[in-house]
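These notes concern the structure reproduced below.
The values are calculated or read from the model by the stated rules, or taken from the named source; none is laboratory data. The model shown is predicted, which means the values in this text are computed figures rather than measured ones. Neighbour counts run over all protein chains shown; Cβ positions are idealised from the backbone, glycine included.
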Amino acid sequence: MAQSYAEFLGVEVVEEVEKAMNRALVNFLFNTQSDLSKAAPVDTGRLASGFVLGKDTPNREVEPEREQKGEVTLTRQYNKSEITMDSDWYISNNVPYARRVAYDPIYGKGGRVGSAAWYTTIENNLQRKANEAFTRQLKKVK
């Protein structure tokens, strides 16, 4: 029995939407990880490099201690094809002082009081950024 055109097109659309959703998730996660790393105050680079992705549970890895100032290097432990909408994804940072630096104004950029909003600004914009990422990819579905 032959499939009708509408049934065939429906399967194609569902596959394209799934691919678009996966691409949007990849972009959203990598961009958020990058935003956190770029915005974090840097002394040795340990905090900024410590934002890691976790699949189905937060990643418990801890960036090793550093003796001196260093460059920030983001760890991409997942490639784009491994990140799909069928899992929960987490961005975590397990450096022992991460929470303190994220919320205490004294640790803001340049040590300026009140400038620790680097973290809450990113956090408060997550919904908007997610909407933008998913809308951008879904608009490409024909």
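Of everything in the range 20-42 that's of a type in the set (D, E, K, R) and surrounded by 15 or more Cβ atoms within 10 Å (Cβ to Cβ), which residue is farthest from T120 (Cα to Cα)?
R23
Can you give me the number of residues within the range 76-115 that are among the polar types (S, T, N, Q), at pLDDT below 90 and either closer than 23 Å to E65 by Cα or not in a loop (DSSP other than H, G, I, E, B) (or both)?
Qualifying residue count for the region: 2.
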